[in-house]
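Colleague: This is the structure I have questions about; it appears just below.
The values are calculated or read from the model by the stated rules, or taken from the named source; none is laboratory data. Given the structure is predicted, the values throughout are model-derived calculations rather than measurements. Glycine gets a Cβ as well: all are built from the backbone with ideal geometry, and neighbour counts include every protein chain shown. Heavy atoms of the whole protein, side chains included, go into the accessibility calculation; ligands, DNA and RNA do not. Shrake-Rupley method; radii C 1.70, N 1.55, O 1.52, S 1.80 Å.
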Number of protein chains: 2
Amino acid sequence: MANHGKYLVIIGGVAAGMKAAAKARRESPALKITVVTDEPFISYAGCGMPYFIGDIIKDQKKLILREPPYFKGMHNIDVLTRHQATAIDIKSRQVKVRDLEKERDLTLPYDKLIIATGAQPIVPPLPGISLENIFTLRTINDVLKIRASVDSGKMRTAVIVGGGLIGMEMAENLTLRGIKVTVVELLDQILPPLDKDMALIVQKHVMEKGVEIITSDGVQAFEGNSSGAVTTVFTSKRQLPADMVILSIGIRPNTKLAQDAGIATSTSRAIKVNERMETNAPDVYAVGDCAESVHLVTGKPAWIALGSTAAKMGRVAAINATGGNDAFPGVVGTLIVKVFELNVGKVGISEQEALKEGFPIESTIVPAGDKSHYYPGARDILIKLIADKNTRKLLGAEIVGEGVADKRIDIIATALTFGATVDQIAKLDLAYAPPYAMAMDAIIVAANVLGNKLSGKTVGILPYEVAERLDRGERFVLLDVRTESEYKNGHIKGCKHIPLDKLASRTHELNRSQEIITYCRAGLRAANAYHILKNAGFHNVKYMDGSILAWTHGLEK
Amino acid sequence: MANHGKYLVIIGGVAAGMKAAAKARRESPALKITVVTDEPFISYAGCGMPYFIGDIIKDQKKLILREPPYFKGMHNIDVLTRHQATAIDIKSRQVKVRDLEKERDLTLPYDKLIIATGAQPIVPPLPGISLENIFTLRTINDVLKIRASVDSGKMRTAVIVGGGLIGMEMAENLTLRGIKVTVVELLDQILPPLDKDMALIVQKHVMEKGVEIITSDGVQAFEGNSSGAVTTVFTSKRQLPADMVILSIGIRPNTKLAQDAGIATSTSRAIKVNERMETNAPDVYAVGDCAESVHLVTGKPAWIALGSTAAKMGRVAAINATGGNDAFPGVVGTLIVKVFELNVGKVGISEQEALKEGFPIESTIVPAGDKSHYYPGARDILIKLIADKNTRKLLGAEIVGEGVADKRIDIIATALTFGATVDQIAKLDLAYAPPYAMAMDAIIVAANVLGNKLSGKTVGILPYEVAERLDRGERFVLLDVRTESEYKNGHIKGCKHIPLDKLASRTHELNRSQEIITYCRAGLRAANAYHILKNAGFHNVKYMDGSILAWTHGLEK
């Protein structure tokens, strides 16, 4: 027997737990591996659930990737479903387990223990919270219940509490099933990991798809009918009809078991681990949604529960628990979500997060094509980049659009992992052919724009800042440099209009003592106008990054 | 006037030249910028041309991105089309130019000169090469002539000479137009930048689409009819009917002008430049397809002519020529090409290139899904990774498949730029949601497989090596561990069949003194079988990387 002992116990049977089990078996043929889970199902695809509800995924079997007999037969791994770990005794190296079916207790000795207890949805203790048809979405049982309700054809209206990633995926999939959806979000924006300016673009799209979105409002109570099914959601300001409610306000790590055993957790309640996924208890590892990680951009602890991270953590813990040596260095906060026709991604930290962390920052928003504009099917994406002014290192990116966003998110995720500067990103040798990208990929274009701002070659201002200044009634010239017909189709209230090709000959119409902010459709002509005015001796000029394509504050005709 | 002088002359008006001109104008408002080109068109999309011929791009205007009046009006850049630069006088800083329309000479003084003369197709001096309907594809005139021929409806058969990227794009687009295409390639594989094993997968696909591919054969002559149009192509072994011929055997840099002026070129004939794109002549820069670069994986000079590189080089030269400071560090050999339904990409160096460079290498081929297998539209890709055995640094990747390849190529391109190890790639925080990727992205799965091989945890063998050993009549057991029905549907000749779930109980059927190579459909069960046999005390075991999905040498039933 190898020196890592005879018994490996894993608590939790979804992504991290089963990955750890399978990898441990490959590393150590003779190890006794036991997986304990209080759930009836293991190894299921939590991230696919919204799409099963939306009937994009037709067969529920597709959500269950593997069943216990597979692990026993193929890998000689014992999986105890409906067995709840009730206590961990670190000194005697034992896990106390309750067999929920036979209602009896057993004790599992371990030489190595991997905690993969996951996370659970937060259920606020509001009046009426126990009514029928108020759902969370986390387990196979959850998804089967929601799907059955939707399939019944009786659900006409749904309220989704919480406008995060799951909330948006559910808004899309319930809408696809013909249900009128209202999303209620306590914050002043949906998709809280994104900056508000980017989230507003998604919000506009979702509302165009028929979803009502209410922000800055909180749910306070639920009311039901005589048979105990929810009918109404009461917010602080409104009363909303609801045949069903999805609670997606967030999740919290399942770490009470670990805490009770004296295993250290963080302010996020997630279990503290080192790079080897070791907890403070000897021979005890924690992986997946119950474990903390490190954000490689801030260098600080971060708890970002994702299936992708869970699988990697599970693998690392398995290697270390079987006598090997592997490390999970951390995450860069990568997120991707499909929201109707939009691809929405984020990586690194947002502008607001960067400001909170005290970084001196410069940002830009750049619209660009996802492939050569002359190739059929080319679509726009809007890229926001945030960089450190002093080091010129990229801090984060947010991408929203109908075009391919996940590719660019992954390029930036890779670049952030290696601490890339904006200049290094601008020189990346990215794949180019018309069906795949522009000659200068959208990411490179955006990095060049930000590089110019960092070097002081251009001075830009983000659309939301312009909107704030207009709201405050500040005095400046907002200069629309688009064509006459573009201007007439809709422009920002109070702007002055001089088409770009007339600008050089009409600069006398502009007051040199006033601040001028140029805008166009996508930002390129605005930047050209910026240069024309600077060359004509105007000193106080800015151009609006992303211009109308990034403007979410309304136009007038 | 800034100290970078008054006159910037740029020779060449396509990607690199026009990018340099536009960027120089933004950097320096008062500079006199003149672009000289012998062509009638500027700023055109060379990479889009095959798709215009295939009628994927409908409007020829879409191939011309900008015309001279735009540059004059918007940027005050003088573009002299149909003006051929005939000599560069480095001492007196002058370019001699021939006006091809008015048939007169002029002299342009320069303070800074940017050479962007591009490259031209190689036209071999074979008998009959001047016949009608023998085309190259490089300029707008080329593409208009080919399109007109195809539109005439008289082209029934085409021979494409050269099976590189352009050859494959043309094979697809001519086939789309109903023309029977034969590709003749002198080497023993198409797509020479790829390893042969990966190229064979593309070749099989292309042949299934009705294209005939002849490798290891060279064109020797052309024969025509009485009106001087080509009718027949003679190779060393064959005689092929051809209503039209596309010559796509390669390109060479247009550097005679530079060489005559004493500007240093390399063995590739491309102009030698430093990171600032400076040539050995003072204040003379070279950019685009006529300029050399550095391959960041080998650290050696490389000439890889691409529009993406041209644009980046043009920008760097413009910044430096206008008194700024920018650097183009080099390329990582990134390529992408659509070939019918396949996406085909390469980055870094191939296995064969790595061996030639003397790297101690380990490789793998891993099939994987491009998104979660349960999400509709998920497709396979086949990933080949090549790494340095000593440093564990990745050296290159090749990806072929109907699934999304360009994303993974770009992730690897970014990772290679920063000298990533296989282990670092396996830990990347890549974007995960079912519509975009598997929980462990295909690249991470492949990196883990290669990591196991590098660590000696598994011993794999590439399919082409198995085929070579079978061809040599070597003795070993080829063990098919798929199901009965999979086996019956087609297996490798001479294999032994034991399904994976029976393997542990049937190891007595195998001779412990013989080498055993396991295979399955995609490699996963083959690796499991490898572990089962190792655990059962078999010492001489390998598994076949990629297995049947990467096997291109035929099956029997």
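Colleague: Could you state the accessible area per residue of the protein assembly as shown in Å², with a 1.4 Å probe and every protein chain left in place?
Modeller: 38 Å²
Colleague: Using only protein heavy atoms and a 1.4 Å probe, how much accessible area in total is buried between B and A, to the nearest 100 Å²?
Modeller: Values: alone 24570 and 24640 Å², together 42700 Å².
Accessible area lost upon association: around 6500 Å².
Colleague: Something else about it: Are there GluC sites (Glu not before Pro) in the range B:22-120 that DSSP marks as loop and that have at most 12 other Cβ atoms within 10 Å, and which are they?
Modeller: Listed in order of number, the matching sites are B:Glu101, B:Glu103.
Colleague: Then there is this: Would you list A:Trp551, A:Trp303 from the most to the least accessible area, probe 1.4 Å?
Modeller: A:Trp303, A:Trp551
Colleague: Residue by residue, what Karplus-based ³J(HN,Hα) values in Hz, rounded to whole numbers, does the range B:361-376 have, using 6.51, -1.76 and 1.60 with θ = phi - 60° and x for Gly and Pro?
Modeller: 10, 10, 10, 8, 10, 10, x, 7, x, 7, 8, 4, 4, 8, 8, x
Colleague: On the accessible surface of the range B:460-550, probed at 1.4 Å, how many percent belong to carbon and sulfur atoms?
Modeller: Of the solvent-accessible surface of the range B:460-550, carbon and sulfur hold 48 percent.
Colleague: In sequence order, what are the phi-derived ³J(HN,Hα) couplings for the range A:77-86 according to the Karplus relation 6.51 cos²θ - 1.76 cosθ + 1.60 with θ = phi - 60°, rounded to whole Hz, with x for glycine and proline?
Modeller: 10, 7, 10, 9, 7, 6, 10, 9, 5, 9
Colleague: In nm, what does the list of distances from A:Glu67 to its counterparts in the other copies look like, shortest first, when each label sits 7 Å along Cα to Cβ?
Modeller: So the label point of A:Glu67 gives 6.9 nm to the other copies.
Colleague: Separate question: Enumerate the amide H contacts of A:Ile213 below 5 Å, restricted to partners 5 or more residues apart or on another chain; note that Pro and chain-start residues carry no placed amide H.
Modeller: Close amide H contacts, sequence-distant or interchain: A:Val183.
Colleague: Now a separate question. Can you give the accessible area of A:Leu194, probe radius 1.4 Å, in Å² rounded to 10?
Modeller: 10 Å²
Colleague: Relative contact order of chain A: what whole-number percent is it, with Cα pairs under 8 angstrom and at least 6 residues apart? Don't skip to the end; give the middle numbers.
Modeller: On the way: 1277 pairs, mean separation 61.9, N = 557.
Relative CO of chain A lands at 11 percent.
Colleague: For A:Ala87, list long-range residues whose amide hydrogen, built 1.01 Å from N in the peptide plane, is under 5 Å from its own amide hydrogen.
Modeller: It is A:Lys96, by chain and number.
Colleague: I would also like to ask the following. List the residues whose amide H sits under 5 Å from the amide H of B:Leu395, counting only those 5 or more places along or on another chain, with H placed 1.01 Å from N in the peptide plane.
Modeller: B:Ile386, B:Ala387, B:Asp388
Colleague: Once phi is turned into ³J(HN,Hα) by the Karplus curve 6.51 cos²θ - 1.76 cosθ + 1.60 with θ = phi - 60°, what whole-Hz value does each residue of the range B:137-150 show in order, with x for glycine and proline?
Modeller: Running phi through 6.51 cos²θ - 1.76 cosθ + 1.60 with θ = phi - 60° gives 10, 8, 10, 4, 4, 4, 5, 5, 5, 5, 4, 4, 4, 5 Hz.
Colleague: What distance in nm separates the simple spin-label points at A:Val123 and B:Asn535, each placed 7 Å from Cα in the Cβ direction?
Modeller: For A:Val123 paired with B:Asn535, the spin-label model returns 3.9 nm.
Colleague: Label position 7 Å from Cα toward Cβ: report the copy-to-copy distances for B:Pro241 in nm, one decimal, ordered from shortest.
Modeller: The projected label point of B:Pro241 is separated from its counterparts by 7.1 nm.
Colleague: Report the label-to-label distance for B:His373 and A:Asn225 in nanometres (one decimal), using points 7 Å from each Cα along the Cα→Cβ vector.
Modeller: So the label points at B:His373 and A:Asn225 sit 4.3 nm apart.
Colleague: At 7 Å along the Cα-to-beta-carbon direction for both B:Ser216 and B:Asp260, put a label point, then send me their distance in nm to one decimal.
Modeller: 4.4 nm
Colleague: Provide the packing ranking of A:293-301, A:41-49, B:542-550, A:532-540, i.e. peptides ordered by the mean count of other C-beta atoms within 10 Å per residue, highest first. Walk me through the numbers on the way to the answer.
Modeller: Details: A:293-301: 18.1, A:41-49: 22.9, B:542-550: 25.2, A:532-540: 15.1.
Final packing ranking: B:542-550, A:41-49, A:293-301, A:532-540.
Colleague: Go through B:Gly419, B:Pro376, B:Ala397 and say which Cα lies farthest out towards the positive end of the charge dipole of the range B:341-454; charges sit on Cβ, +1 for Lys and Arg, -1 for Asp and Glu.
Modeller: The listed residue farthest towards the positive side: B:Gly419.
Colleague: Rounded if a/c is under 1.5, else prolate if a/b beats b/c, else oblate: with a ≥ b ≥ c from the C-alpha gyration tensor eigenvalues square-rooted, which is the range B:40-145?
Modeller: The shape class here is oblate.
Colleague: Right, next: Grab the DSSP H runs of chain B that are 4 residues or longer, score each as -39,500 (n - 2.57), total them, divide by all residues and round the 222 nm result to the nearest 500 deg cm²/dmol.
Modeller: For chain B, the value works out to -7500 deg cm²/dmol.
Colleague: Once R0 is set to 25 Å, what does the formula 1/(1 + (r/R0)^6) return for the Cβ-Cβ distance between A:Lys496 and A:Thr552, expressed as a FRET efficiency to the nearest 0.05?
Modeller: Working: r = 22 Å, r/R0 = 0.86.
Efficiency at R0 = 25 Å is approximately 0.70.
Colleague: Still on this structure, I have one more. Past 20 Å, Cα to Cα, is the threshold; run B:Lys61/B:Lys256; B:Lys453/B:Lys542; A:Lys23/B:Lys457 against it and keep the listed order.
Modeller: Those over the limit are B:Lys61/B:Lys256.
Colleague: How would the protein assembly as shown be classified by its alpha-carbon gyration tensor: rounded, prolate or oblate, with rounded meaning a/c under 1.5 and the a/b versus b/c comparison settling the rest? All intermediate terms of the calculation are to be shown ahead of the outcome.
Modeller: On the way: a/c = 1.97, a/b = 1.25, b/c = 1.58.
Taking the square roots of the gyration eigenvalues as a ≥ b ≥ c, the protein assembly as shown is oblate.
Colleague: Is any residue of the range B:498-537 close enough, with backbone N under 17 Å, to a label point placed 7 angstrom from the Cα of A:Asn76 along the Cα-Cβ axis, and if so, which?
Modeller: Only B:500-508, B:528-537 pass the distance filter.
Colleague: So, one more: Quick check: the angle from helix A:524-535's long axis to the longest principal axis of chain A, C-alpha only, nearest 10 degrees?
Modeller: 50 degrees
Colleague: Could I ask something else about it? Counting Lys and Arg as +1 and Asp and Glu as -1, what is the net charge of the other residues whose Cβ lies under 14 Å from the Cβ of B:Gly17?
Modeller: Values: positive: B:Lys19, B:Lys23, B:Arg25, B:Arg66, B:Lys112, B:Lys312, B:Arg315; negative: B:Asp38, B:Glu39, B:Asp78, B:Asp289.
Summing Lys and Arg as +1 and Asp and Glu as -1 gives +3.
Colleague: How many lysine pairs does the range B:336-414 hold where the Cα atoms are under 27 Å apart and the two sit 8 or more places apart or on different chains?
Modeller: 20
Colleague: Please list B:Tyr432, B:Tyr519, B:Tyr7 from largest to smallest accessible area, probe radius 1.4 Å, with all protein chains kept in place.
Modeller: B:Tyr7, B:Tyr432, B:Tyr519
Colleague: Roughly speaking, what % of Cα-Cα pairs in the range A:73-196 are separated by over 17 Å, rounded to a whole number?
Modeller: Roughly 71 percent, rounded to a whole number.
Colleague: Once ligands and nucleic acids are excluded and a 1.4 Å probe is used, how much of B:Glu465 is accessible, expressed in Å² to the nearest 10?
Modeller: Near enough 60 Å² of accessible area.
Colleague: Can you find, among B:Leu355, A:Pro435, A:Pro125, the residue sitting farthest towards the positive end of the charge dipole of the protein assembly as shown, where Lys and Arg contribute +1 and Asp and Glu -1 at Cβ?
Modeller: Checking the options against the dipole of the protein assembly as shown, the answer is B:Leu355.
Colleague: 7 Å along Cα→Cβ for the label point: how many nanometres lie between A:Glu132 and each equivalent label in the other copies, listed shortest first?
Modeller: So the distances to the same position in the other copies read 8.2 nm.
Colleague: What percent of all Cα-Cα pairs in the range B:341-454 falls in each 10 Å bin, counting up from 0?
Modeller: 16, 50, 28, 6, 0
Colleague: For the protein assembly as shown, give the magnitude of the charge dipole about the Cα centre (Cβ charges: +1 Lys/Arg, -1 Asp/Glu; no others), in debye to the nearest 20.
Modeller: Dipole size: approximately 420 debye.
Colleague: Estimate the FRET efficiency between B:Ser236 and B:Asp151 by the formula 1/(1 + (r/R0)^6), using the beta-carbon distance for r and 41 Å for R0, to the nearest 0.05. Spell out each step's value before the answer.
Modeller: Details: r = 33 Å, r/R0 = 0.81.
About 0.80, to the nearest 0.05.
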